[in-house]
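Enquirer: Structure incoming, see below.
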Amino acid sequence: MATAPPPAPCTAEDEEPPSMAPHVPREHREQHGKDAPPGFIPPMAAEDVAAVEAVLGYDFADKSLVELALTHGSFYYPYRPGDTYERLEYLGDGVLTCLMSREVFRTYRTLPPGPLTRLRAANVDTEKLARVAVLRGLHRFLRHKAPQLEGQIHVFIEEMCKYPVHSNGLLDPPKVLSDIVESLIGAIYFDSNFDQEEVWRVFRNLADPLISLETLGKHPVSELFEFCQKTRRGVKIMKDEWDKNLKVEVLIDGELVGSATYAQKKEIAQNRAAKAALDKLKETLGQTESELAPAHVSEPFDELDIPGTLNTNAS
């Protein structure tokens with residue numbers, strides 16, 4: 001079967017980000033619903049199923065799995081929800097974790113578990129899979145009626161172009177984007193009679209290029225602690241006020257150096273505040289990232305206990 005050409009990489013210099021327009025205009029879907037009996041859910045058009053198969057490079061024996069893998073619970077509104085992609089998402093999440101574990105284990109023969117875990121996570125986390133959905137155009141086939149979702153996807157598409165590979169915790173991608181990649185992978189796994197090699201072939205093409213040890217970035221909070229350990233500074237991340245004013249502040253040796261506000265998630269505000277503080281410290285010292293020797297910080301940042309620094313505040 002014909003396969004879709006790979007998308008052009010998204011960069012900050014792109015004149016236009018990838019399209020976020022739904023494949024079928026919402027007004028057409030809603031009109032279809034008005035003309036149909038109450039509770040009727042329009043099936044996915046055969047040409048749409050074929051288009052998704054072309055993107056995936058996989059022909060489904062059971063075409064109904066494509067529709068199921070792309071149906072969000074909101075698509076049934078205002079009626080009781082029917083079958084959605086959630087079970088297939090569960091299946092896809094499990095097989096992707098297994099296959100990516102195998103891939104990094106085989107590729108990096110001497111790498112210890114900490115870096116292997118970070119590599120695996122970076123290639124199957126919410127942001128990476130959301131990028132796959134957008135860059136391959138799969139988001140255009142999502143069947144939903146969530147009123148704010150199109151806007152959230154649009155914001156993510158605009159922001160992701162600032163980070164060509166991964167933002168390392170600075171972006172907040174709509175989870176539904178990663179969900180449909182996992183559900184489609186789950187659908188392929190089920191349709192292929194649980195053929196892991198076929199699933200890996202499809203995902204490897206969809207996710208190309210995978211994040212490698214060379215392109216794996218650092219989490220801003222881990223990097224901030226790392227930087228301050230080397231320069232003998234104390235770090236304190238103030239998160240207690242987020243519930244009141246949605247702001248997280250970073251104190252270095254008791255002085256406010258960086259802050260960020262983000263309403264949806266405290267973690268994103270914390271990461272952005274850490275990045276702001278890190279940038280300010282580097283600017284002050286006249287240092288660039290390339291001048292810093294690599295260090296090994298593999299533990300979750302909320303559990304870091306670095307000598308010479310103040311512990312991060314609890315959430």
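The values are calculated or read from the model by the stated rules, or taken from the named source; none is laboratory data. Note that the structure is predicted; figures quoted are calculated from it, not measured. Cβ atoms come from the backbone with ideal geometry, glycine included; neighbour counts cover every protein chain shown. Just so you know, the surface numbers come from the protein's heavy atoms only, side chains and all, with ligands and any DNA or RNA stripped out. Shrake-Rupley method; radii C 1.70, N 1.55, O 1.52, S 1.80 Å.
Enquirer: On the protein heavy atoms, probe 1.4 angstrom, tell me the percent of accessible surface of the stretch 107-248 carried by carbon and sulfur.
Expert: Numbers: 3120 of 6120 Å².
Of the solvent-accessible surface of the stretch 107-248, carbon and sulfur hold 51 percent.
Enquirer: Restricting attention to the stretch 104-148, which chymotrypsin sites (Phe, Trp or Tyr not before Pro) occupy a DSSP loop and are surrounded by at most 15 other Cβ atoms within 10 Å?
Expert: Here the chymotrypsin sites (Phe, Trp or Tyr not before Pro) that fit, given the DSSP loop and packing criteria, are TYR108.
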